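Notes follow once the structure below has been shown.
The values are calculated or read from the model by the stated rules, or taken from the named source; none is laboratory data. Note that this is a predicted model, so its numbers are computed, not measured. Counting neighbours? That spans all protein chains shown, and the Cβs are built from the backbone with ideal geometry, glycine included.
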Amino acid sequence: MLNAKVVKLPENAHQHEHEHHQVVIGLQGHSGLAGDGWGVDLGTRRACLVPTATRHDFFGNDANHVLVIDLDARAPALSNPLHSEYDRLAPLFDRPLHLDMDERLQCLIHLCASELNQAPDNLSLHNHFAAGIMHCLSSRLVGDQASRKKRHCFNVETIRHYVRKNLHRKITIRELAAESCLSVSRFHEIFREMTGISPHQYIIQARLERATDLMVQSRSSLADISFRTGFSSQGALTNAMKKHRGVTPSALRKRDSQSVMV
(Lines give C-alpha, C1' and ligand atoms only; values in the text may rest on other atoms or scores of the structure.)
Protein backbone atom coordinates (compact mmCIF):
# COMPACT_ATOMS: atom_id res chain seq x y z
CA MET A 1 0.00 0.00 0.00
CA LEU A 2 1.33 3.39 -0.98
CA ASN A 3 -1.18 6.19 -1.42
CA ALA A 4 -1.66 9.86 -0.72
CA LYS A 5 -4.76 11.83 0.21
CA VAL A 6 -5.69 15.29 1.47
CA VAL A 7 -7.72 15.23 4.68
CA LYS A 8 -8.81 17.53 7.51
CA LEU A 9 -7.86 16.55 11.06
CA PRO A 10 -10.56 16.86 13.76
CA GLU A 11 -10.58 19.84 16.11
CA ASN A 12 -11.04 17.55 19.11
CA ALA A 13 -8.04 15.32 19.54
CA HIS A 14 -8.48 11.70 18.47
CA GLN A 15 -6.12 8.83 19.20
CA HIS A 16 -5.29 5.74 17.18
CA GLU A 17 -2.53 3.51 15.84
CA HIS A 18 -2.30 1.64 12.55
CA GLU A 19 -0.51 -1.28 10.94
CA HIS A 20 1.18 0.88 8.33
CA HIS A 21 3.74 3.65 8.35
CA GLN A 22 2.35 7.12 7.79
CA VAL A 23 3.59 10.54 6.73
CA VAL A 24 1.47 13.58 7.65
CA ILE A 25 2.35 16.91 6.02
CA GLY A 26 0.82 20.27 6.94
CA LEU A 27 -0.82 22.14 4.05
CA GLN A 28 -2.75 24.94 5.73
CA GLY A 29 -4.03 26.00 9.12
CA HIS A 30 -2.64 24.52 12.32
CA SER A 31 -2.52 20.83 13.12
CA GLY A 32 -0.43 18.46 15.14
CA LEU A 33 0.41 14.94 16.20
CA ALA A 34 1.59 13.76 19.61
CA GLY A 35 2.58 10.45 21.13
CA ASP A 36 4.44 9.09 24.12
CA GLY A 37 7.29 11.56 24.68
CA TRP A 38 6.99 13.34 21.35
CA GLY A 39 4.84 15.93 19.64
CA VAL A 40 4.87 17.87 16.37
CA ASP A 41 3.16 21.14 15.42
CA LEU A 42 2.76 20.70 11.67
CA GLY A 43 1.72 24.19 10.58
CA THR A 44 2.48 24.54 6.85
CA ARG A 45 6.20 23.80 6.93
CA ARG A 46 6.57 20.40 8.58
CA ALA A 47 6.19 16.73 7.79
CA CYS A 48 5.83 14.10 10.49
CA LEU A 49 6.80 10.45 9.96
CA VAL A 50 4.94 7.96 12.17
CA PRO A 51 6.05 4.29 12.30
CA THR A 52 3.54 1.47 12.35
CA ALA A 53 1.87 0.63 15.68
CA THR A 54 2.77 4.01 17.16
CA ARG A 55 -0.19 5.17 19.22
CA HIS A 56 -0.68 8.93 18.77
CA ASP A 57 -3.14 11.80 19.03
CA PHE A 58 -4.02 13.91 15.98
CA PHE A 59 -5.84 17.24 15.91
CA GLY A 60 -6.17 20.52 14.03
CA ASN A 61 -7.98 23.84 13.91
CA ASP A 62 -10.99 24.60 11.74
CA ALA A 63 -8.87 25.70 8.77
CA ASN A 64 -6.42 22.80 8.72
CA HIS A 65 -5.70 20.45 5.84
CA VAL A 66 -2.93 17.87 5.71
CA LEU A 67 -1.50 15.53 3.12
CA VAL A 68 -1.40 11.93 4.41
CA ILE A 69 0.72 9.19 2.85
CA ASP A 70 0.19 5.59 3.98
CA LEU A 71 2.96 3.05 3.41
CA ASP A 72 2.76 -0.72 3.84
CA ALA A 73 5.36 -1.60 6.47
CA ARG A 74 5.70 -5.04 4.85
CA ALA A 75 6.64 -3.64 1.44
CA PRO A 76 10.11 -4.90 0.35
CA ALA A 77 11.61 -1.39 0.30
CA LEU A 78 10.72 -1.03 3.99
CA SER A 79 11.18 -4.59 5.27
CA ASN A 80 13.76 -6.39 3.12
CA PRO A 81 17.42 -5.36 3.69
CA LEU A 82 18.30 -6.76 0.26
CA HIS A 83 15.98 -4.34 -1.53
CA SER A 84 17.79 -1.53 -3.37
CA GLU A 85 15.75 1.17 -1.60
CA TYR A 86 15.83 -0.35 1.89
CA ASP A 87 18.80 1.63 3.22
CA ARG A 88 17.22 4.86 1.99
CA LEU A 89 13.63 4.41 3.12
CA ALA A 90 13.50 1.98 6.06
CA PRO A 91 15.48 4.23 8.49
CA LEU A 92 12.82 6.93 8.05
CA PHE A 93 10.52 4.89 10.29
CA ASP A 94 12.87 3.78 13.05
CA ARG A 95 11.06 6.20 15.35
CA PRO A 96 8.63 9.17 15.09
CA LEU A 97 10.41 12.20 13.66
CA HIS A 98 9.67 15.42 11.83
CA LEU A 99 11.24 17.45 9.05
CA ASP A 100 11.11 21.19 8.43
CA MET A 101 10.46 21.53 4.71
CA ASP A 102 12.35 23.96 2.48
CA GLU A 103 10.54 26.20 0.02
CA ARG A 104 11.05 23.91 -2.98
CA LEU A 105 9.62 20.92 -1.14
CA GLN A 106 6.66 22.98 0.06
CA CYS A 107 5.90 23.97 -3.55
CA LEU A 108 6.06 20.33 -4.65
CA ILE A 109 3.78 19.22 -1.81
CA HIS A 110 1.17 21.85 -2.59
CA LEU A 111 1.27 21.03 -6.30
CA CYS A 112 0.76 17.33 -5.56
CA ALA A 113 -2.06 18.07 -3.13
CA SER A 114 -3.84 20.18 -5.74
CA GLU A 115 -3.54 17.46 -8.38
CA LEU A 116 -4.74 14.80 -5.96
CA ASN A 117 -7.84 16.86 -5.21
CA GLN A 118 -8.53 17.13 -8.94
CA ALA A 119 -8.21 13.37 -9.45
CA PRO A 120 -9.37 11.62 -6.25
CA ASP A 121 -9.95 8.28 -8.04
CA ASN A 122 -6.68 8.13 -9.98
CA LEU A 123 -4.86 5.61 -7.80
CA SER A 124 -1.88 5.41 -10.15
CA LEU A 125 -1.36 9.16 -9.82
CA HIS A 126 -1.65 8.92 -6.04
CA ASN A 127 0.92 6.14 -5.97
CA HIS A 128 3.44 8.03 -8.12
CA PHE A 129 3.04 11.28 -6.19
CA ALA A 130 3.43 9.46 -2.88
CA ALA A 131 6.60 7.70 -4.08
CA GLY A 132 8.08 10.96 -5.36
CA ILE A 133 7.36 12.79 -2.11
CA MET A 134 8.91 9.97 -0.05
CA HIS A 135 12.13 10.12 -2.02
CA CYS A 136 12.28 13.92 -1.62
CA LEU A 137 11.76 13.61 2.13
CA SER A 138 14.42 10.90 2.30
CA SER A 139 16.96 13.03 0.43
CA ARG A 140 16.46 15.94 2.80
CA LEU A 141 16.62 13.81 5.93
CA VAL A 142 19.84 12.20 4.72
CA GLY A 143 21.20 15.69 4.06
CA ASP A 144 20.23 16.83 7.57
CA GLN A 145 21.92 13.80 9.11
CA ALA A 146 25.11 14.38 7.11
CA SER A 147 25.09 18.02 8.17
CA ARG A 148 24.74 17.05 11.82
CA LYS A 149 27.57 14.54 11.42
CA LYS A 150 29.82 17.26 9.99
CA ARG A 151 28.85 19.55 12.84
CA HIS A 152 29.73 16.82 15.33
CA CYS A 153 33.14 16.24 13.68
CA PHE A 154 33.96 19.94 13.39
CA ASN A 155 37.03 20.66 15.54
CA VAL A 156 37.48 24.28 16.58
CA GLU A 157 40.88 23.56 18.12
CA THR A 158 42.15 22.31 14.75
CA ILE A 159 41.17 25.63 13.17
CA ARG A 160 42.75 27.60 16.02
CA HIS A 161 46.02 25.70 15.59
CA TYR A 162 45.94 26.29 11.83
CA VAL A 163 45.39 30.02 12.31
CA ARG A 164 48.17 30.37 14.89
CA LYS A 165 50.55 28.46 12.62
CA ASN A 166 49.81 30.73 9.66
CA LEU A 167 49.43 34.16 11.28
CA HIS A 168 52.39 35.53 9.28
CA ARG A 169 50.41 35.39 6.01
CA LYS A 170 46.97 36.05 4.61
CA ILE A 171 44.45 33.43 5.73
CA THR A 172 41.27 32.99 3.71
CA ILE A 173 37.97 31.62 4.97
CA ARG A 174 37.98 29.30 1.95
CA GLU A 175 41.11 27.51 3.14
CA LEU A 176 39.76 27.21 6.69
CA ALA A 177 36.57 25.69 5.28
CA ALA A 178 38.67 23.25 3.25
CA GLU A 179 40.49 22.21 6.43
CA SER A 180 37.08 21.26 7.87
CA CYS A 181 35.81 19.65 4.64
CA LEU A 182 32.90 22.12 4.54
CA SER A 183 31.60 24.70 2.10
CA VAL A 184 32.49 28.31 2.91
CA SER A 185 28.93 29.20 3.91
CA ARG A 186 28.50 26.08 6.05
CA PHE A 187 31.88 26.57 7.72
CA HIS A 188 31.01 30.19 8.51
CA GLU A 189 27.65 29.14 9.99
CA ILE A 190 29.06 26.34 12.18
CA PHE A 191 32.11 28.34 13.31
CA ARG A 192 29.93 31.26 14.45
CA GLU A 193 27.51 28.87 16.17
CA MET A 194 30.32 27.16 18.10
CA THR A 195 32.47 30.20 18.96
CA GLY A 196 30.06 33.14 18.99
CA ILE A 197 32.13 35.13 16.48
CA SER A 198 32.80 34.98 12.76
CA PRO A 199 35.96 33.36 11.34
CA HIS A 200 37.17 36.80 10.21
CA GLN A 201 36.74 38.22 13.72
CA TYR A 202 38.61 35.26 15.16
CA ILE A 203 41.56 35.74 12.81
CA ILE A 204 41.80 39.43 13.78
CA GLN A 205 41.69 38.52 17.47
CA ALA A 206 44.38 35.86 17.01
CA ARG A 207 46.64 38.34 15.19
CA LEU A 208 46.19 40.96 17.91
CA GLU A 209 46.78 38.49 20.73
CA ARG A 210 50.06 37.35 19.17
CA ALA A 211 51.10 40.92 18.38
CA THR A 212 50.37 41.95 21.98
CA ASP A 213 52.50 39.07 23.31
CA LEU A 214 55.41 40.06 21.07
CA MET A 215 55.17 43.72 22.08
CA VAL A 216 55.24 42.84 25.77
CA GLN A 217 57.72 39.97 25.69
CA SER A 218 60.23 41.18 23.10
CA ARG A 219 62.00 44.31 21.90
CA SER A 220 61.14 43.61 18.26
CA SER A 221 60.20 46.62 16.18
CA LEU A 222 56.55 47.25 15.42
CA ALA A 223 57.31 46.79 11.73
CA ASP A 224 58.73 43.33 12.44
CA ILE A 225 55.81 42.41 14.69
CA SER A 226 53.37 43.57 12.03
CA PHE A 227 55.07 41.32 9.48
CA ARG A 228 55.15 38.31 11.81
CA THR A 229 51.45 38.58 12.70
CA GLY A 230 50.07 39.09 9.19
CA PHE A 231 49.34 42.83 9.20
CA SER A 232 50.13 44.61 5.95
CA SER A 233 52.00 47.41 7.70
CA GLN A 234 52.83 48.97 11.06
CA GLY A 235 49.98 51.42 10.46
CA ALA A 236 47.53 48.55 9.90
CA LEU A 237 48.60 46.99 13.21
CA THR A 238 48.23 50.32 15.02
CA ASN A 239 44.76 50.91 13.57
CA ALA A 240 43.62 47.40 14.50
CA MET A 241 44.92 47.77 18.06
CA LYS A 242 43.11 51.08 18.48
CA LYS A 243 39.87 49.76 17.01
CA HIS A 244 39.69 46.40 18.81
CA ARG A 245 41.76 46.97 21.97
CA GLY A 246 41.36 50.70 22.51
CA VAL A 247 45.11 51.27 22.83
CA THR A 248 48.03 51.99 20.51
CA PRO A 249 51.11 49.72 20.39
CA SER A 250 53.35 52.46 21.80
CA ALA A 251 50.91 53.13 24.68
CA LEU A 252 50.72 49.40 25.38
CA ARG A 253 54.51 49.09 25.60
CA LYS A 254 54.77 52.19 27.75
CA ARG A 255 52.08 50.92 30.12
CA ASP A 256 53.77 47.54 30.37
CA SER A 257 57.20 49.04 31.10
CA GLN A 258 55.71 51.22 33.85
CA SER A 259 54.05 48.21 35.47
CA VAL A 260 57.37 46.36 35.44
CA MET A 261 59.13 49.33 37.12
CA VAL A 262 56.51 49.46 39.87
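Do any helices (runs of 4 or more DSSP H) lying entirely in the range 40-134 carry at least 1 residues that are crowded, with 17+ Cβ neighbours inside 10 Å and small (Gly, Ala, Ser), and which ones are they?
Details: elements: 76-79, 86-89, 103-118.
Correct list: 76-79, 103-118.
Pull up the range 23-39, narrow it to residues that are in contact (Cβ under 8 Å) with a residue 40 or more places away in the chain and surrounded by fewer than 20 Cβ atoms within 10 Å (Cβ to Cβ), then point me to the one that is nearest to residue 117 (Cα to Cα). The residue in question is 35. The helices (runs of 4 or more DSSP H) located wholly in the range 170-246 that include 3 or more residues which are under 12 Å from residue 159 (Cα atoms) occupy 173-179, 184-195, 199-217. Residues that are farther than 22 Å from residue 39 by Cα, among the polar types (S, T, N, Q) and at pLDDT 85 or above are absent from the range 90-107.
Looking only at residues in the range 139-169 that are crowded, with 17+ Cβ neighbours inside 10 Å and at pLDDT 85 or above, the one that is farthest from the chain's Cα centre (by Cα) is 167.
Restrict the check to the range 203-224 and report whether at least one residue is touching an Asp or Glu at 6+ places or on another chain (Cβ under 8 Å) and hydrophobic (A, V, I, L, M, F, W, C). Give the steps one after another, and end with the answer.
Narrowing the range 203-224 to residues touching an Asp or Glu at 6+ places or on another chain (Cβ under 8 Å): 215-216.
Okay, now just the ones that are also hydrophobic (A, V, I, L, M, F, W, C), so 215-216.
There is at least one residue in the range 203-224 that is touching an Asp or Glu at 6+ places or on another chain (Cβ under 8 Å) and hydrophobic (A, V, I, L, M, F, W, C).
Screening residue 193 on (1) surrounded by 11 or more Cβ atoms within 10 Å (Cβ to Cβ); (2) modelled with pLDDT of 85 or more shows it passes everything except condition (1).
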